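Below: one structure, written as structure tokens.
Every number in this text was worked out from the coordinates using simple rules, so none of it is lab data. This one's a predicted model, so the numbers in the text were calculated from it and none came from an experiment. Don't worry about glycine lacking a Cβ; one is built from the backbone with ideal geometry, like all the others, and counts go over all protein chains shown.
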2 protein chains.
Amino acid sequence: MGDVKTDIEIARAARKLPIQAIGEKLGIPAAQIMPYGHDKAKVSAEFIRSLSGRPDGKLILVTAINPTPAGEGKTTTTVGLGDGLNRIGRKTLICLREPSLGPCFGVKGGAAGGGYAQVVPMEDINLHFTGDFHAITSAHNLLASLIDNHLYWGNEQGIDSRRVSWRRVMDMNDRALREVVCSLGGATNGYPRETGFDITVASEVMAILCLAVDLEDLERRLGDIIIGYRRDRSPVFARDIKADGAMAVLLKDAMQPNLVQTLENNPAFVHGGPFANIAHGCNSVVATKTALKLADYVVTEAGFGADLGAEKFFDIKCRKAGLKPAAAVIVATIRALKMNGGVSKEDLGHENVDAVTRGCSNLGRHIANVRRFGVPVVVAINHFISDTEAEIAAVREYVSRLGADAIVCRHWAEGSAGVEELARRVAEVADSGQSAFKPLYPDNMPLMEKIETVASKIYHAAEVTADKAARDQLATWEEQGYGNLPVCIAKTQYSFSTDPNLRGAPEGHVVHVREVRLSAGAGFIVAITGEIMTMPGLPRSPSSERIFLNEQGYIEGLF
Amino acid sequence: MGDVKTDIEIARAARKLPIQAIGEKLGIPAAQIMPYGHDKAKVSAEFIRSLSGRPDGKLILVTAINPTPAGEGKTTTTVGLGDGLNRIGRKTLICLREPSLGPCFGVKGGAAGGGYAQVVPMEDINLHFTGDFHAITSAHNLLASLIDNHLYWGNEQGIDSRRVSWRRVMDMNDRALREVVCSLGGATNGYPRETGFDITVASEVMAILCLAVDLEDLERRLGDIIIGYRRDRSPVFARDIKADGAMAVLLKDAMQPNLVQTLENNPAFVHGGPFANIAHGCNSVVATKTALKLADYVVTEAGFGADLGAEKFFDIKCRKAGLKPAAAVIVATIRALKMNGGVSKEDLGHENVDAVTRGCSNLGRHIANVRRFGVPVVVAINHFISDTEAEIAAVREYVSRLGADAIVCRHWAEGSAGVEELARRVAEVADSGQSAFKPLYPDNMPLMEKIETVASKIYHAAEVTADKAARDQLATWEEQGYGNLPVCIAKTQYSFSTDPNLRGAPEGHVVHVREVRLSAGAGFIVAITGEIMTMPGLPRSPSSERIFLNEQGYIEGLF
């Protein structure tokens, strides 16, 4: 393995085309591309508006089994499949989420693919990129500042300072900011109160940016944000303190999709990146809808495993944006299936066909779940050097019994040449007209029933429990006209259940809804099960200690 | 006045050239320009390195009398003079500071010039621009996060958590963050302690970025930052917790100068913007030094009036960067001189030659002060429609008695056509070889004596007082090897004294040094006189309430 190149070395050796040339492949005139350097660009709002009459391409979702420490390679497979489709002559555009800057300095590697299936420039994409997350941070914190300023100058709206729900955000892993008391230091600094910071990807502004269809819709949604409550429990909206206009101004450029390229010079949009637990975990609607106008096939991904990511992609993003996915790819690795079959991380190197077969229960349930939405499935086995023929055969057989194909992909090592078979099969399925997409539940189902529907049909839970406070809160929101919103369940990504240690395909567990939150601007109800961390910390020896600029001015240690 | 256009209307009507064409005027190849959209760009480090053998152009500082609510127009005059010099055939490059985003949502108007003397795109320049301030915010807060993380994981360095001097920053006016208690909520969130946020321009990282000559120097200075003290009072440096490399990575692009254009398509660098009280208040050394290689004349500005801005420009920036200014322009307006002569803001509309003459004492002292540095002076009277002939004549006569010229400029209303006379005179003075620049005090003067020298020679104070604690602290720093640093005095900008109401040219006042701080990375000692606000608040009705995107997607209400 001594001569295996790191992701950053491969990325640095990429022969990138000028971003205008990538735009040209999609028919975007250079004047409608707003470059950021020579290899990144935003697509203009004017150009996007000009596309409205065009037909849509086919939308392909890449999702995965429940994540394990072994790694599944969902983004890598999304990039690889996009390159593979282009290789076999299908005009394809990839749509990815933007990674968060903060976690890069903790333990996380990059989020721009890996090996020979990457989008570049990966250093930029993983750090400041085109500034979208910074703009979201600014807009979020402007609202926070305006709230405390409103309290300071007499609180005309009568906000109950104990019930301000809007916190602040920072794109940094900083546990010290999780809970703070602000406005200390005397009268000139305002009224002290408890509050805290979340990481930027957890901001409702992020979810809003990713669901808004244009700037007008963005501003309306920003105005709809609930910042807190009055003593009579009536909600106070961002527009009540006149924050929506200035927030939209700060987000003007951030709303435009970012164009980059793969190592094979195929186009990719990388735009927006909301959390996949307290938010819906998909790239922006604007990017996806624009991509569908520009290409025959659009390959996109959703966060975490299919129980969280695909469900939200279908029930929130597709429902709200009127998208109709034509096919879904579920990514699995032999290693991760083994872990789902009960093998510890240390023992992954040994062949264990039984464990793989046991672990397939996890995959099998995700296949059935995705089909519930009417979307046909292809399984991608993201190949690792340690995989054995027998292990692969076991997966193929298991999947075949479910009436689907499991196809081995070697894009990490070989680029598009290693993913041709998957690309052919996915194109065939997408073109077949098999898909009959529909969301899991109708808009008019009561909120608690929506939660129960996801829990029983997707998680295979026996029961949903919730405190009276949570049930009352849902009832209140229904009275206030929020009953037709979809639900966004925040649950551990490691299991179908709420117990992260329960791998495989658990049945009959209980899902307890600890808390419910209303993201009125984004347009969904968040149901929180278990502890959801919205501001990560750093490890004892954070990766930042090993990140530096080398003598040539290149970034070292980032991945 | 009904048909007078606003700054933003004028800016929007600008016929901008592609930024590559602006670069071409300076001989920068398109490949060495990293575009941000079509009208903003960064100049590559590679290109900057290639310039090292070239001769330097002439450096012209634009400074001003003490600011008053009447407004002086220093940035406007800097832009106007740059356009004027280009108009008379002198190849000139303008170097400005980047404005801060936060204050735009409070009361402040834009900081990109005004009328027909602006740099564009002014909306972008005043908001996210090329992301430099966001990068500084990230780098600053990464360090803060690493400090609390170090405490959390066992505090190997033995940092005294009561003596952590590094705070956090945000580019937002948010008084609620001035003083906070962080790390609340129990053991998993760390050790609670008092801290707070400053606005990003007050960050030492900002001062460092503006004084560093290249990325290597930047990283060294970042490592030199003192983040706090151990129980034995020994300093803990950013490099002790291995933060410097990752901070430099975050600042890699931010180090490169930003190229934009004036309304008349002349080139301007807009790069860096440190506070002019607790820091030195000038644009980056990298931008200024690069500009001197690319143009025959470089027009730049310094913060506030000449007592703060020009003094720091000369004693900190020029001293450290080896710059030799060829001429200085002191900007005054009839209205501001009247206020310095005792007239209230309400009465500025009436002719008052006596008040103008009395107010000239302020101008006169700034002229004498700048000459103390060996730099010849030209006075620019930035014309307002209400100025009378007699008032202008009074200033001309006063300045003429001091052996200098006061020249009326109409760049705000007329662009470069209104500033030809000033441009001719400034070029003549700069070309004359009159300048014999030297800083006010030598490096090896004791720190307290440096403060006293500035206070007596520039402020005309009778005495400097300081608590024993401050004097002891200065002595300790001298022992630690910081004695040769320049001093950066944080004082009210409204008066030569520390009393903001004392206009004109006060004599014999006492300057009390309340506190001293060491910016070891930036390389200066800050002496704080009076209350210095490093996190502004918002007014009762912040300008954000009137900022929005109009139906064409243009920003309204920003200026």
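Cross-linked pairs A:K242/B:K5; A:K91/A:K324; B:K40/B:K252; A:K40/B:K42: Cα-Cα separations exceed 24 Å for A:K242/B:K5.
For the Cα atoms of chain A, what angle does the longest principal axis make with the long axis of helix A:215-224, in degrees from 0 to 90, nearest 10? Around 50 degrees separate the two axes. Using R0 = 22 Å, the C-beta based FRET efficiency linking A:R220 and B:S541 works out to 0.45.
Computed from point charges on the beta carbon alone (+1 for Lys and Arg, -1 for Asp and Glu), the dipole magnitude for region B:405-495 about its Cα centre is near 120 Debye. Counting only DSSP beta bridges whose two residues both lie in the protein assembly as shown, roughly 45 percent are antiparallel. From the label point of A:R233, set 7 Å from Cα along Cα→Cβ, how far away are the matching label points in the other copies, in nm, ordered shortest to longest? Result for A:R233, in nm, nearest copy first: 5.8. Convex hull of alpha carbon positions in region B:398-457: directionally averaged projected area 6.7 nm². Assuming a viscosity of 0.692 mPa s and a temperature of 37 °C, what translational diffusion coefficient in µm² per second does Stokes-Einstein assign to region A:170-223, Rh being the Kirkwood radius over Cα pairs? Translational diffusion coefficient: 245 µm²/s.
Helix A:132-152 axis versus longest C-alpha principal axis of chain A: approximately 20°, rounded to the nearest ten. Diffusion coefficient (Stokes-Einstein, Kirkwood radius over C-alpha pairs, 37 °C, 0.692 mPa s) for region B:447-529: 253 µm²/s, rounded to a whole number. Working note: 222 nm ellipticity from helices only, DSSP H runs with n ≥ 4, each -39,500 (n - 2.57), summed and divided by the residues of chain B, gives -9500 deg cm²/dmol to the nearest 500.
Distances between copies at A:A436, taken between label points 7 Å from Cα along the C-beta direction, are 9.5 nm in increasing order.
Put one equal scatterer on each alpha carbon of region B:305-395, apply the Debye formula with no solvent term, and list log10 I(q)/I(0) at q = 0.10 1/Å to two decimals. These q points yield log10 I(q)/I(0) values of -0.30.
Bridgeable aspartates and glutamates around A:K16 (alpha carbons under 16 Å apart, same-chain partners fewer than 8 residues away excluded): A:D7, A:E24, A:D39, A:D83, A:E123, A:D124, A:E264. Dividing the mean sequence gap of close Cα pairs (under 8 Å, 6+ apart) by how many residues chain B holds gives a relative contact order of 20 percent. The trypsin sites (Lys or Arg not before Pro) of region B:272-367 include none that meets both criteria, a DSSP state outside H, G, I, E and B (loop) and at most 12 other C-beta atoms within 10 angstrom of the site's C-beta. Near A:V236, the amide H atoms lying under 5 Å from its own belong to A:I227, A:G228, A:Y229, A:R230; only residues 5 or more places off or on other chains count, and H is placed 1.01 Å from N. Our summary gives region A:447-529 a relative contact order of 35 percent, counting only alpha carbon pairs under 8 angstrom and 6 or more residues apart. Dipole magnitude of chain A about its Cα centre, charges +1 at Lys/Arg Cβ and -1 at Asp/Glu Cβ only, in debye to the nearest 20? It works out to roughly 740 debye. Take A:V510, move 7 Å from Cα toward the beta carbon, and the resulting point lies 7.3 nm from the same point in each other copy, nearest first. Of all DSSP-defined beta bridges confined to chain B, some 40% are antiparallel rather than parallel.
Counting charges near B:H280 (Lys, Arg +1; Asp, Glu -1) among other residues having Cβ under 12 Å from its Cβ returns a value of +2.
Computed over region A:133-249, relative contact order equals 31 percent, with contacts defined as Cα pairs under 8 Å that lie 6+ residues apart.
With respect to chain B, whose longest principal axis is taken over its alpha-carbon atoms, helix B:468-479 is tilted by about 80°. Relative to the compact-globule estimate of 2.2 N^0.38 Å, the Cα radius of gyration of region B:133-249 comes out at 1.04.
Taking only the Cα atoms of chain A, the ratio Rg/Rh comes out at 0.96, with Rh defined as the Kirkwood radius. Considering only A:V526, A:A466, A:G483, the residue lying farthest towards the positive end of the dipole of region A:447-529 is A:V526, judged by Cα position with unit charges set on Cβ.
Based on every Cα atom in the protein assembly as shown, Rg and the maximum pairwise Cα distance Dmax equal 30.7, 100 Å. Each semi-axis of the equivalent ellipsoid for region A:215-287 is √(5λ) with λ an eigenvalue of the Cα gyration tensor; in descending order they amount to 33, 15, 7 Å. Here the alpha carbons of region B:401-559 define both size measures, Rg and Dmax, at 22.0, 63 Å.
Ordering B:N369, B:I381, B:A117 by the projection of their Cα atoms onto the charge dipole of chain B, which places +1 on the Cβ of Lys and Arg and -1 on the Cβ of Asp and Glu, puts B:N369 at the extreme positive end.
Here, P(r) means the percent of Cα pairs in each 10 Å bin from 0 to the largest distance; for region A:16-96 it is 15, 37, 34, 12, 2.
Among beta bridges from DSSP that stay inside region A:447-529, the antiparallel ones total about 35%. Among the GluC sites (Glu not before Pro) in region A:457-559, those located in a DSSP loop and surrounded by at most 11 other Cβ atoms within 10 Å of their own Cβ are A:E531, A:E551.
Measuring max minus min along each principal axis, the C-alpha atoms of region B:486-559 give extents of 56, 35, 20 Å (largest first). Taking the Cα centre of region A:133-249 as reference, the dipole from Cβ charges on Lys and Arg (+1) and Asp and Glu (-1) amounts to some 440 debye. Could you tell me which of B:A310, B:G349, B:V298 has its Cα farthest along the dipole of region B:293-355 towards the positive end, charges placed at Cβ (Lys, Arg +1; Asp, Glu -1), taken about the Cα centre? Checked the options; the winner is B:V298. Please enumerate, by chain and number, the lysines with C-alpha under 17 Å from the C-alpha of B:K320, excluding those fewer than 8 residues away in the same chain. Counting by Cα, and skipping residues close in sequence, B:K320 has these lysines nearby: B:K289, B:K312, B:K438, B:K450. Please give the net charge around A:I334, taking every other residue with its beta carbon less than 10 angstrom from that of A:I334, where Lys and Arg add +1 and Asp and Glu add -1. Net local charge, A:I334 excluded: -1. Within the set of other residues whose C-beta is less than 9 Å from the C-beta of B:I225, count the net charge using Lys and Arg as +1 and Asp and Glu as -1. Residues close to B:I225 contribute a combined charge of -1. When the trypsin sites (Lys or Arg not before Pro) in region A:453-559 are filtered for DSSP coil states and for at most 15 other beta-carbon atoms within 10 Å of their beta-carbon, the remaining sites are A:R540.
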